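Asker: Sharing a structure with you now.
The values are calculated or read from the model by the stated rules, or taken from the named source; none is laboratory data. Model, not experiment: these values are computed from the prediction. Here Cβ is always computed from backbone atoms with ideal geometry, including for glycine, and neighbour counts include all displayed protein chains.
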Amino acid sequence: MNMYEIPSPGIPGCPPGLEYLTQLEVQAPPGNTVGYLMQQWHPFSPKFIVANEHTEPVLKIHGPFCGWSCLPDVDFEILTMDEVSKIGKISKQWTGLLREVFTDSDNFGIQFPMDLDVRMKAVMIGACFLIDFMFFETTN
């Protein structure tokens, strides 16, 4: 099974590989795929699927309404596939007005279960980098 055999999110006539807005492959060590992160299209909030190395969906990540929010802490919830249980979160933590305005540095925190598979933990760290890049980095 490859990445393009993941069930389509319901976009009729969409070419294979373009069903998701962003796709990230996490490798550890380089050349050994441990999982994937795929952004699903949603008009108001960021949504991601976390998949294992066989591209089988394992977890979901839901961000806040308009994920680029400048509220003190911005939380991206880590949910089970049925979206019933919240098992963790990725948070961009507020560092204070001066630091937020005059620097491009950010603090992130990740919470997930201790017994989560180590490969999925690596994908969660990749998700943190992707979320930072997509929603909180600016180019001058």
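Asker: Of all residues in the stretch 102-132, how many are among the hydrophobic types (A, V, I, L, M, F, W, C), in a helix (DSSP H, G or I) and modelled with pLDDT of 85 or more? Full working, then the answer.
Answerer: Quick first cut of the stretch 102-132, residues among the hydrophobic types (A, V, I, L, M, F, W, C) only: 102, 108, 110, 112, 114, 116, 118, 120, 122-125, 127-131.
Now restrict to residues that are in a helix (DSSP H, G or I): 102, 118, 120, 122-125, 127-131.
Narrowing further to those that are modelled with pLDDT of 85 or more: 118, 120, 122-125, 127-131.
Qualifying residue count, the stretch 102-132: 11.
Asker: Would you mind finding the one in Gly96, Gly31 that is exposed (fewer than 13 other Cβ atoms within 10 Å of the Cβ), at pLDDT below 80, over 11 Å from the mean Cα position of the chain (by Cα) and not aromatic (Phe, Trp, Tyr)? First the steps, then the outcome.
Answerer: Numbers: Gly31 fails: at pLDDT below 80.
Exactly one residue qualifies, and that residue is Gly96.
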